[in-house]
Amino acid sequence: MFWKKIFRSDKAAEKEKDQREKQGQEQEEEHQPEQKTEEAERGFFKRLVSGLEKTKQGFVDKVEGIMTGRKVDEELFEELEEALIQADCGVETSLYLVDQLRERSRAEKITESEALKGVLIEEIVRILQKNAEPLRAPQEAPYVLMVVGVNGAGKTTTIGKLAYRFKQEGARVLLAAGDTFRAGAIEQLEVWANRVGVDLIKHKEGSDPAAVAYDAINAAKARKTDILILDTAGRLQTKVNLMSELGKVHRVVQRELGRDLDEILLVVDATTGQNALSQAKIFSEAVPVTGIALTKLDGTAKGGIVLALANELNLAVKLVGVGEQYEDLQDFDPNTFASALFGRQEKMLDKD
Ligand SMILES: Nc1nc2c(ncn2[C@@H]2O[C@H](COP(=O)(O)OP(=O)(O)OP(=O)(O)O)[C@@H](O)[C@H]2O)c(=O)[nH]1
Ligand SMILES: [Mg+2]
């Protein structure tokens with residue numbers, strides 16, 4: 001939905017839809033964004049809740065155990081601090097959170113642990129909101145999104161999910177197989193492109209990824225693509241030559257586009273723990289990363305990493321991956337996330 005307002009008027013989109021219908025290619029029109037029902041919203045929320053199940057069990061249940069039927073004292077703060085660190089919230093963020101609680105319990109004369117739990121959730125949401133920002137709105141076509149990250153982080157899968165989403169919203173999507181390095185990487189993206197029904201620009205394995213990017217930008221211009229998504233090879237952030245190759249791809253895209261890319265998303269695997277922070281710092285030195293897609297949250301009990309990323313980086317977590325299905329990539333929203341985690345879904349679902 002977010003691309004349509006800018007690129008084409010609803011009228012133009014309507015016209016196109018009519019044409020498609022005439023050509024007998026009516027494709028799943030029921031997925032038009034206007035018809036996104038409350039039920040769909042609930043479905044998304046349920047997916048988020050079930051994707052966060054492990055973190056609920058490993059972290060939230062523990063915190064709730066600590067914060068039930070207790071007096072607020074130093075022992076409680078220490079236990080809480082330990083639980084936060086164990087859930088990958090990061091030492092800095094965990095200490096900060098507990099300090100906030102100490103201060104507020106003093107200032108607000110909170111003596112019962114249950115009352116403090118509400119304060120903890122508030123402070124968690126505050127941290128999550130610190131840099132929160134959605135995907136950038138498109139200014140002009142093609143909207144160009146490049147995806148970077150270490151091996152196996154979930155780049156290609158995230159691209160597939162994004163392509164699906166944009167396609168559902170009626171956008172013309174083009175993918176570029178910029179991972180020319182890993183055997184099978186091009187085919188993997190091609191499978192996604194076919195499955196979703198979008199075009200793909202590819203070269204042979206082993207060819208220059210900057211050349212793929214060059215072709216992709218020019219194809220996107222020629223084909224009047226709305227959204228171009230560039231895949232890149234996974235790389236160790238410690239390998240200087242690989243990181244500089246990424247810089248080169250970025251420069252070529254920028255030059256051919258004649259402006260900055262719309263998004264450079266760093267894909268981070270939530271199960272890698274605190275290493276996620278150093279990945280973000282090092283990738284940001286190679287290319288101007290504009291946001292994070294945090295994948296595999298469904299695979300970890302340590303979802304606290306979201307807090308560490310939000311608090312310790314100047315980067316927004318924009319997307320979260322909570323499974324392997326198309327719909328398992330969601331926009332990151334601090335309130336929704338906290339509601340899903342702390343089981344306030346009734347409130348959330350009844351809000352409208
Ligand atoms: N459970 C779960 N699995 C995911 C998620 N995102 C990606 N994966 C899985 O993670 C594995 C690696 O994903 P890819 O998309 O191939 O990762 P990549 O970053 O492109 O990897 P390279 O191309 O090798 O650098 C695949 O098996 C995906 O199905 C997620 O949100 N949840
Ligand atoms: Mg890949």
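A few points about this structure:
- Relative intensity, log₁₀ I(q)/I(0), of the chain from a Debye sum that treats every alpha carbon as a point, q = 0.06, 0.08, 0.12 Å⁻¹: -0.25, -0.43, -0.89
- Residues Phe342, Phe283, sorted so that the one with the fewest Cβ neighbours within 10 Å comes first: Phe342, Phe283
- When region 178-330 is described by a simple charge dipole with +1 on each Lys and Arg Cβ and -1 on each Asp and Glu Cβ, the residue from Tyr326, Leu315, Ile282 located farthest towards its positive end is Ile282.
- Size of electric dipole in the chain: Cβ of Lys, Arg +1 and of Asp, Glu -1, about Cα centre, debye, nearest 20: 1060
- Nitroxide proxy distance, nm - points 7 Å out along Cα→Cβ at Arg255 and Lys204: 2.4
- For region 153-217, size of Cβ-based charge dipole, Lys and Arg +1, Asp and Glu -1, in debye: 280
- Expressed to the nearest 5 percent, the antiparallel share of DSSP beta bridges inside the chain is 15 percent.
- Ordering of 285-294, 102-111 by packing [mean C-beta count within 10 Å, highest first]: 285-294, 102-111
- Listed peptides 209-215, 303-309 appear in the order 303-309, 209-215 once ranked by packing, highest mean of other Cβ atoms within 10 Å at the front.
- Annotation: Cα Rg of region 83-191 relative to the compact-globule expectation 2.2 N^0.38 Å equals 1.64.
- Degrees separating the helix 113-129 axis from the principal Cα axis of the chain, which is the longest one: 30
- Simple spin-label estimate for Ala183 and Glu112 gives 6.4 nm between the two label positions (7 Å along the Cα-to-Cβ direction from each Cα).
Values quoted throughout were computed directly from the atomic coordinates according to the rules given, and no laboratory measurement underlies them. Every value quoted in this text rests on a predicted model; they were computed, and no experiment measured them. So basically every Cβ, Gly included, is an ideal-geometry build from the backbone, and we count neighbours across all protein chains shown.
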